[in-house]
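Here's the structure we're looking at; comments come further down.
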Amino acid sequence: MYFDYASTSIKRKDILEKLIENIDDYNANPSSIHSPGKKTNSYLNEARTKLAEEINTDASKIYFTSGATEANNWLVKNFDDEGIEIVSSNIEHKSILESLNTVKSEVQYVKADKKGIVSLDQVKAAITDKTRLLILMLVNNETGIIQPVKEIGQYLKDKDIWFHVDGVQALGHLDIDVEDMCIDSLALSGHKIGGLNGFGVLYARERLKPLINGGGQESGIRAGSSNTLAALSMAYSIDGLKEEREKILELKEYFLENLKGIDYEINGYVENSVNHIVNIYFPFVKSDLLLTYLDLKGIYISAGSACNANALEPSYVIENIYDKERAKHSVRFSFGFTNTKEEIDQLIYWLNEMYKKKKKD
């Protein structure tokens, strides 16, 4: 029973099987000028166009990457300058926070409030005359809280400040319109929605400095042979996830409605959260023990971001919103298209068993 979709989605086997079945149509290098290469390139362009349409932009502004981590790093490196300031938040993904640790630019971090939200007023207070880049998640990967990206983007649109958004946990779950939201760049990931791992997208309103020099792929700013299969797996997965939104929300609501008789609190403002993620504080058990206990029952959840390289550490996001002790007792449940109410019944049963056990202790 897999409740860790925010780490990576279960692969969409039907889509991948169909893609493999027809792989002879796009086996060639899309950069080759012979007929098979041109045919493969047409499929690559199909994926690029579909992904562009999903966020309401032109295909020429979509750059394929190895994932959202690369996309975030690439964008940050375009603002590595001693003379400027970057503003971000203390609950961003590690690919942002660690990248910001490497730049010469001055960096300011806005603190999320107890609801897990970074407000427009906080952003206004942090911006100075030197600010040239603002970075903010659309949906936090650990709490599922939706940030006021549209409100902030519209405030920034007439200012000389580039607005970069990590949209990984929002893609497919929320409608994303980079024009309406006034987003200058956006990082997306394929494996979070059922596509192949190792593939992502960076949307950029304007041309960036090259990331990888080589054969001139991706309009000459990100070289390397294109991964057509992964691009198609990402593009084709979006429609399925959009169709599943209501089902996934029903599963999350069913879980919370039936989580009774247990001492718990939801981390963040759940009324302003995405459909597939909920983070819960269980004061009666530490997260590492709960993860191990559920794992032995064939139930899989997480205590923090999977990007901590297999380290079972308390969530820095929960720690930054609340405190370290709360983080040690908090876990994330994230739902997806394979989950059922029967599985959630099993999850609730074993959570109750753990609660009864700890009360006896």
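Just so it is clear, none of the values below were taken in a lab; they were calculated from the coordinates. The structure displayed is predicted, hence computed values, not measured ones. Neighbour counts run over all protein chains shown; Cβ positions are idealised from the backbone, glycine included.
Tabulated data
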{"quantity": "Karplus (6.51, -1.76, 1.60) ³J(HN,Hα), θ = phi - 60°, over segment 2-13, in Hz, Gly and Pro reported as x", "calculated": "9, 10, 9, 5, 5, 6, 6, 6, 4, 5, 7, 4"}
{"quantity": "3J(HN,Hα) from dihedral phi, segment 319-326, Karplus parametrisation 6.51/-1.76/1.60, rounded to Hz, x for glycine, proline", "calculated": "4, 6, 7, 10, 7, 5, 5, 5"}
{"quantity": "Degrees separating the helix 341-360 axis from the principal Cα axis of the chain, which is the longest one", "calculated": "50"}
{"quantity": "Charge dipole (debye, nearest 20) of the chain; +1 at Cβ of Lys and Arg, -1 at Cβ of Asp and Glu", "calculated": "600"}
{"quantity": "Degrees between helix 68-77 axis and first principal axis of the chain (Cα, 0 to 90, nearest 10)", "calculated": "60"}
{"quantity": "Helical mean residue ellipticity (222 nm; -39500 (n - 2.57) per DSSP H run of 4+; nearest 500) of the chain", "calculated": "-11000 deg cm²/dmol"}
{"quantity": "Answer label, with Cα extents along the principal axes in Å calculated from the coordinates and candidates (1) 70, 55, 33; (2) 58, 53, 52; (3) 56, 44, 43", "calculated": "(1)"}
{"quantity": "Beta bridges by DSSP in the chain, antiparallel share as percent, to the nearest 5", "calculated": "50"}
{"quantity": "Segment 125-246 - percent relative contact order, Cα under 8 Å, separation 6 or more", "calculated": "19"}
{"quantity": "Alpha-carbon Rg/Rh ratio, for segment 1-90, with Rh computed the Kirkwood way", "calculated": "1.08"}
{"quantity": "Spatial separation of Cα centroids for segment 1-38 and segment 345-361, in angstrom", "calculated": "41"}
{"quantity": "Sorted by Cβ density within 10 Å, fewest first, the residues 264, 63, 300", "calculated": "300, 264, 63"}
{"quantity": "Residue with peak Gaussian network fluctuation, the chain [Cα springs, cutoff 10 Å], from 147, 169, 217", "calculated": "217"}
{"quantity": "Centre separation in Å (Cα based) which lies between segment 150-173 and segment 198-258", "calculated": "17"}
{"quantity": "Residue 18/residue 342 FRET efficiency (R0 30 Å; Cβ-Cβ; nearest 0.05)", "calculated": "0.60"}
{"quantity": "Per-peptide average of other Cβ atoms within 10 Å, ordering 101-109, 336-344 highest first", "calculated": "336-344, 101-109"}
{"quantity": "Only Lys, Arg (+1) and Asp, Glu (-1) charged, at Cβ; segment 104-203 dipole about Cα centre in debye", "calculated": "340"}
{"quantity": "Vicinal HN-Hα couplings computed from phi for segment 290-296 (Karplus, 6.51 cos²θ - 1.76 cosθ + 1.60; Hz; Gly/Pro x)", "calculated": "5, 4, 5, 4, 5, 4, 5"}
{"quantity": "Extension gain, residue 256 back to residue 207 (0.36 nm per residue minus Cα-Cα distance, nm)", "calculated": "13.2 nm"}
{"quantity": "Given charges at Cβ of Lys, Arg, Asp, Glu: the chain dipole, positive-most of 163, 152, 195", "calculated": "195"}
{"quantity": "Sequence of 208, 51 once ranked by neighbouring C-beta atoms within 10 Å, starting from the fewest", "calculated": "208, 51"}
{"quantity": "Positive-pole candidate from 103, 15, 44, dipole of segment 1-131, charges at beta carbon", "calculated": "15"}
{"quantity": "Dipole of segment 203-342, positive end: most advanced residue of 318, 289, 270 [Cβ charges, Cα centre]", "calculated": "318"}
